1. Which residues, counting only those in the stretch 58-93, are more than 9 Å from the ligand (Cβ to nearest atom), part of a loop (DSSP other than H, G, I, E, B) and crowded, with 16+ Cβ neighbours inside 10 Å?
2. Could you give every pair whose Cβ atoms fall below 7 Å, whose first residue belongs to the stretch 129-156 and is on the phi > 0 side of the Ramachandran plot, and whose second residue is polar (S, T, N, Q) and within 11 Å of the ligand (Cβ to nearest atom), counting only separations of at least 6 or pairs across chains?
3. Does residue 31 count as within 10 Å of the ligand (Cβ to nearest atom), part of a strand (DSSP E or B) and not acidic (Asp, Glu)?
4. Can you tell me which residue among 180, 208, 197, 215 is modelled with pLDDT of 95 or more and in a helix (DSSP H, G or I)?
5. Output the residues belonging to the stretch 34-55 that are more than 10 Å from the ligand (Cβ to nearest atom) and in contact with a helix residue (DSSP H, G or I) (Cβ under 6 Å, 6 or more places away or on another chain).
6. Which of the residues that make up the stretch 35-65 are in contact (Cβ under 8 Å) with a residue 12 or more places away in the chain and hydroxyl-bearing (Ser, Thr, Tyr)?
Amino acid sequence: MTRTVIVTGGSRGIGREIAVGFAKKGYNVTISYAGNDSAAAETEKLCKDNGAAEVVLFKGDVADEKACEELVKTTAEKFGQIDVLVNNAGITRDGLLARMSAEDFDSVIATNLRGAFLMSKLVTKSMMKQRYGRIVNISSVVGVHGNAGQANYSASKAGIIGMTKSIAKELASRNITVNAVAPGMIATDMTAVLTDAQKEKINSSIPAKRMGEPADVANAVLFLADENSSYITGQVLGVDGGL
Ligand code: NAP
């Protein structure tokens, strides 16, 4: 049986690596993204070149309920079932509390937390029917420890952890596992905005003395999404070089 995965925010960075990881296992892969068509097309080609059964690209905002409904419907119609959901889409709007606008707070919560909620709710119906499912949510080390300048982002990522643990309890009896991965500093566009001096300072505080790669996170996601990981649920797996 060919399994199907939806990776939100799969056009670039960590999401791209996750999508390619599932492609290597022969999955049908649906990649959602916000607007970067050329990056999405590149990921589509990478997935096809790496053995994906079929690939669907879907442009839409994960914070928008109608767009999420369309994403799930398109995938279900094309592939018949949805076995794995990876809630990876995420944004940052950093700033110290005193200078953070309510809009910047709301937009980060909407994309990172509401998006994961909407998508989880929508795929769960068919996962319950088929009595099989894997949901992996991408949190962050700052959702556990906090970070100055990221009150909105840290709140969204802490929210992901609470939601993961709650949904895991609701769905465990249906053979649906729900886990979170909490990456530390990973080299993607999101962290490319840091100066070399900032990166050096961060690297020196990481026990592994280096930033992680998207593949480090994808590896953890693939493990949690594996059929054999059926007794692991409600967990938060750090991928942070010992941070
Ligand atoms: P990235 O390179 O900035 O890529 C973000 C992805 O999310 C892109 O595919 C983007 O689509 C998509 N996206 C953004 N807003 C969206 C929306 N409203 N609807 C649908 N898709 C949306 O980010 P990344 O570094 O790979 O991060 C991926 C995840 O890991 C995020 O949840 C992030 O918070 C988390 N994380 C990252 C790090 C790190 O150090 N990089 C650390 C901890 C956690 P477009 O290409 O169309 O813009």
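1. Residues satisfying the conditions are 81, 82, 83, 93.
2. 146/154
3. Details: within 10 Å of the ligand (Cβ to nearest atom): yes; part of a strand (DSSP E or B): yes; not acidic (Asp, Glu): yes.
Yes, satisfied.
4. None of the others qualify; the one that does is 215.
5. 46, 47, 50, 51, 52, 55
6. 43
Table: residues versus (1) surrounded by 15 or more Cβ atoms within 10 Å (Cβ to Cβ); (2) of a type in the set (Asp, Glu); (3) more than 22 Å from residue 93 (Cα to Cα).
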{"position": "142", "(1), (2), (3)": "yes, no, no"}
{"position": "157", "(1), (2), (3)": "yes, no, no"}
{"position": "171", "(1), (2), (3)": "yes, no, yes"}
{"position": "185", "(1), (2), (3)": "yes, no, no"}
{"position": "240", "(1), (2), (3)": "yes, yes, no"}
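The values are calculated or read from the model by the stated rules, or taken from the named source; none is laboratory data. Since we're looking at a predicted model, the values are computed, not measured. Quick reminder, even Gly has a Cβ in these numbers, built from the backbone with ideal geometry, and neighbours come from all protein chains shown.
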